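The values are calculated or read from the model by the stated rules, or taken from the named source; none is laboratory data. Here the structure is a predicted model, which is why all the values come from computation and not from measurement. Don't worry about glycine lacking a Cβ; one is built from the backbone with ideal geometry, like all the others, and counts go over all protein chains shown.
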Amino acid sequence: MVTKREDLEEAVSILEANRALLGDAVVDVAVSALRRKLFAWQDETITPGEQFEQAVALVADLSGFTAMSELMDAEEVRDTVNALWLRLDSVIEAWGGRIDKHTGDGLIALFGVPERHEDDAKRAIMAALDMQVELRLFNEQAWYDELSHEWGVPDGEAGEASAHHRLQMRIGIHQGGVVLGKVGQSESVTAVGDAVVGANLLERIAPVGSVVISEAIFSHVQDMFDVEPLEDVVLPGNRENSVAYLVRREKPRAFRVALSGVAGVFSRFVGRTEEVAQLQFLLQETQEKQMAQLVMVIGDAGVGKTRLLSEFEHLLGIFPARICLFKGRSHRWTEQLPFALIRDLFTNYFDIHLRSRMEVAREKLTQGIMELMQDFGERARERAHFIGQLLGFDFSDSPYLQGAYYEPDRLRLYAFRDVAALLTAVTEQYDAIVWYLEDVHWADEASLNLIDFLVQDFPHIPLFVVCLARPTLLEKRPSWQILSTQGMPGYVRLDLAPLSLVDSHHLLGELLQNIPLVPNRLIDTVAAAADGNPLYIEEAIRLLIDRKIIEPDQPQWQVHPGKLHQIHLPRSLEELMATRFAALPDEERQVLQMAAIFGRIFWDSGIRRLNQQSHTQLSDEQVDEIIAQLEQKELIFRQRTSILPGHQEYIFRHDSLLNVTYDSISEEQKVVWHARVAEWFMTHVGGRMIGDALVIAYHHLRAGNQAEAEYWLQRMSGNVMFSSDGPEQE
């Protein structure tokens with residue numbers, strides 16, 4: 001039976017699918033109205049007087065109306081503020097927040113109501129930071145246009161006038177209890193309680209243009225944001241003073257690294273001493289000799305490339321030099337998209353999220369580059385626009401690009417040189433630059449060409465590029481193999497060999513430490529079958545747990561000696577993953593197959609949606625129970641935060657399991673499911689944020705909808721995409 005919520009979601013999906021026909025303006029207004037109906041539907045599920053103990057409240061207050069009224073009458077001020085609130089409301093909704101009410105020149109928003117999520121505090125802060133960027137854009141764009149055109153302020157004076165009349169905002173965020181209900185004769189549901197009162201107090205002490213959070217919020221996000229302690233405040237529910245914190249920015253995002261371990265037992269870093277020492281030596285050489293180096297860390301799936309990089313990153317903390325660290329990752333669905341890897345590198349460094357609108361992404365990229373290139377003045381903005389255009393952020397309207405826009409080769413050459421200029425500027429503040437690049441065997445050719453350009457044409461930039469890849473990279477990039485073999489300066493190949501038998505025994509000892517006396521037969525059998533692959537060792541132990549040969553009871557595990565003769569391990573990691581997959585009950589295999597359609601990352605609500613349209617439909621409760629069982633078996637992991645606010649995110653244990661699961665799906669079923677996943681993304685994210693269009697295009701492509709895929713790719717790039725060739729020198 002189709003629910004009211006599903007009707008609304010279907011309407012959103014239909015509107016998004018017809019965006020090209022209807023136009024952005026019409027679709028944006030209609031979708032916004034439908035999503036408000038979704039929130040209203042959620043309100044209907046709330047019992048008046050219902051309490052939420054750990055809600056996160058965001059209170060924002062605008063200032064600058066007095067100056068604005070000098071140039072506008074009351075009606076114009078109202079229309080301007082309403083236009084602004086529409087933009088700011090969309091930011092809150094994009095991060096999974098709920099608008100509680102507007103207060104004229106302010107608003108109150110809630111996160112974790114009616115459903116609480118582990119990352120409510122982080123999402124509220126990210127929404128607040130994006131709101132400040134949106135306000136800055138509103139001031140610089142819409143307000144500038146009004147001054148210079150409608151009121152006749154000369155263009156040369158518009159910037160100065162807008163600086164005097166611009167709007168500003170203070171934001172406070174607090175966590176605590178709230179009660180939702182209807183106040184007085186109002187029919188709308190609103191919130192009262194400690195969270196709202198505390199956020200109001202924090203908003204009042206916040207410097208103009210800033211975001212201030214309470215100690216309660218800080219306890220959830222202290223490893224995620226750079227903050228500065230402010231004055232002590234007394235918040236509701238606290239008898240003593242607590243510290244308020246000014247949020248500066250989000251900390252650089254870490255790779256999604258799963259710790260090595262089985263059933264709650266984690267191992268120390270085993271082996272790889274020589275490889276870590278070699279990476280340290282090469283980085284020191286890069287810094288001391290002021291040279292660019294590309295280091296290819298080559299190894300098979302599961303051999304420990306990511307764990308090696310994670311360990312090396314920890315050592316950077318004690319490295320006796322100032323290091324500027326960038327991180328990027330390639331994905332199989334971006335292999336054909338030019339500069340996707342470099343784009344990921346820059347979006348991570350400049351805190352550009354998939355939830356951010358394209359306008360916000362452009363602003364963050366521009367301001368970030370200008371901050372690093374302060375000595376370049378206005379030239380820094382020009383270079384930012386060329387780099388942004390190269391990476392697909394659509395700066396086609398920039399006056400700096402007009403002479404080169406229709407000459408892709410020339411534009412690409414300028415942008416390549418601008419990237420080099422940016423890195424050179426960074427070295428004025430740091431001793432060396434490190435690029436960590438994961439899964440480079442899936443990298444697009446254009447990104448690899450840019451790396452070649454930097455290493456070969458600008459060899460004196462202290463740039464240390466670490467590429468983690470499987471051996472297939474050398475088939476894609478045979479020149480790197482040749483250059484490293486011939487000892488070409490700047491190109492180094494580091495092969496990650498299997499663990500030695502001794503190290504394999506050490507790893508097994510770490511993972512089986514809860515067994516009082518481990519049978520030698522068990523150790524020898526697993527070590528021999530693993531052939532030095534750490535992931536194989538972990539998965540083999542999980543397989544033995546699945547087969548009840550090992551019982552991971554706490555505090556001591558049990559081994560059944562009478563079953564040791566049943567140990568028959570597959571010959572490869574892929575076969576081992578296939579064995580574990582095949583042994584799952586039918587319902588668990590089906591849910592895992594649905595998850596594999598999404599990719600390595602998936603969401604519980606997406607699985608429930610696919611399931612509702614399948615022939616062997618499970619209940620939503622059954623789907624949730626099966627996901628929990630798969631998590632318990634350590635086939636998937638729950639993520640602390642989610643790219644899609646309000647949806648619980650999960651990740652496959654490893655690509656090998658993802659590949660085995662995906663390959664088990666029939667081609668006919670893949671087509672159907674990919675089309676439905678594309679619809680699900682259009683419903684929930686709408687394609688208006690910077691990462692949505694690419695994901696939607698990928699699923700349309702897999703579903704055989706070539707025209708739809710091309711439309712969404714065009715929406716992402718906004719203009720002519722560059723070829724993967726390197727720049728032609730002038």
All positions within region 313-359 that are in contact (Cβ under 8 Å) with a residue 60 or more places away in the chain, under 23 Å from GLN278 (Cβ atoms) and in contact with a Leu (Cβ under 8 Å, 6 or more places away or on another chain): GLU313, LEU316, ILE323, LEU325, PHE326, LYS327, GLY328, ARG329
Residue tally, condition in contact with a helix residue (DSSP H, G or I) (Cβ under 9 Å, 6 or more places away or on another chain), within 16 Å of LEU496 (Cα to Cα) and assigned to a helix (DSSP H, G or I), over region 267-320: 9
So ALA596 ticks every box in (1) touching a Ser or Thr at 6+ places or on another chain (Cβ under 6 Å); (2) outside any loop (DSSP other than H, G, I, E, B); (3) farther than 14 Å from THR661 by Cβ but one. Which box is left unticked? (3)
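Going by the conditions given, is ILE451 assigned to a helix (DSSP H, G or I) and without any contact (Cβ under 8 Å) to a residue 40 or more places away in the chain? First the steps, then the outcome.
Working: assigned to a helix (DSSP H, G or I): yes; without any contact (Cβ under 8 Å) to a residue 40 or more places away in the chain: no.
Against the criterion (assigned to a helix (DSSP H, G or I) and without any contact (Cβ under 8 Å) to a residue 40 or more places away in the chain), ILE451 does not qualify.
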Is it the case that region 622-632 has a residue that's surrounded by fewer than 16 Cβ atoms within 10 Å (Cβ to Cβ) and in contact with a Phe, Trp or Tyr (Cβ under 8 Å, 6 or more places away or on another chain)? yes
Any residue at all in region 666-678 that is over 24 Å from the mean Cα position of the chain (by Cα), more than 29 Å from ASP223 (Cβ to Cβ) and aliphatic (A, V, I, L, M)? yes
When ILE387 is run through (1) crowded, with 23+ Cβ neighbours inside 10 Å; (2) assigned to a loop (DSSP other than H, G, I, E, B), the failure sits at (2)
Would you be able to say whether some residue in region 243-258 is surrounded by fewer than 16 Cβ atoms within 10 Å (Cβ to Cβ), over 26 Å from VAL440 (Cα atoms) and modelled with pLDDT under 85? no
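Go over the candidates GLN629, GLN617, GLN669 one by one and state the one that is of a type outside the set (A, V, I, L, M, F, W, C) and part of a loop (DSSP other than H, G, I, E, B).
Values: GLN629 fails: part of a loop (DSSP other than H, G, I, E, B); GLN669 fails: part of a loop (DSSP other than H, G, I, E, B).
Every option except GLN617 fails the conditions.
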